[in-house]
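Take a look at the structure set out below.
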Amino acid sequence: MQIEAWPFRDTTPRNPAGWLIQAIENNYEPPEAFRQHQRRAGERRKLLSLGEAIERCSICDKNGYRRLEARKSSHAVMRQCTHDPSIEAKISPQAQNGIVEQSSAKDRPKEA
Ligand SMILES: [Zn+2]
């Protein structure tokens, strides 16, 4: 870790090797820049794995959202996908539909 953190240190000791040994032995705190770098790397990994999950998932679109069919209204309901087929299978595509209205086919407006 001390070696990884080294490029982020704002220090130029006369004996870098000796300084590193000292840093390791005394378990120096990593510089803030290094911690930020690690945090960002972790976030990138998280984003990457989410992207992979979405790509592998056949349920949702490329944004990780699943379209729930709203039969009555023209606008579909979007739901964030879990990318877990065992969970998503329990959610009906009509899950967002409320009461199914009793109306005869004759009264239904013609679909454009
Ligand atoms: Zn998904």
Gain in length, Gln22 to Met1, computed as 0.36 nm per residue apart minus the alpha-carbon separation, to one decimal in nm?
6.3 nm
Can you compute 3J(HN,Hα) from phi for each residue in segment 26-40, using the Karplus curve 6.51 cos²θ - 1.76 cosθ + 1.60 with θ = phi - 60°, rounded to whole Hz and x for Gly and Pro?
9, 6, 4, 5, x, x, 4, 4, 5, 4, 5, 4, 5, 4, 5
Quick one: which residues, 5+ away or cross-chain, put their amide H under 5 Å from the amide H of Thr82? H built at 1.01 Å from N.
none
Phi angles of segment 51-63, converted by Karplus (6.51 cos²θ - 1.76 cosθ + 1.60, θ = phi - 60°) into ³J(HN,Hα) in whole Hz with x for Gly and Pro, give x, 5, 4, 5, 5, 6, 6, 9, 8, 9, 8, 5, 8
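Bear in mind that the values in this text are calculations on the coordinates, not laboratory data. Here the structure is a predicted model, which means the values were calculated and not measured.
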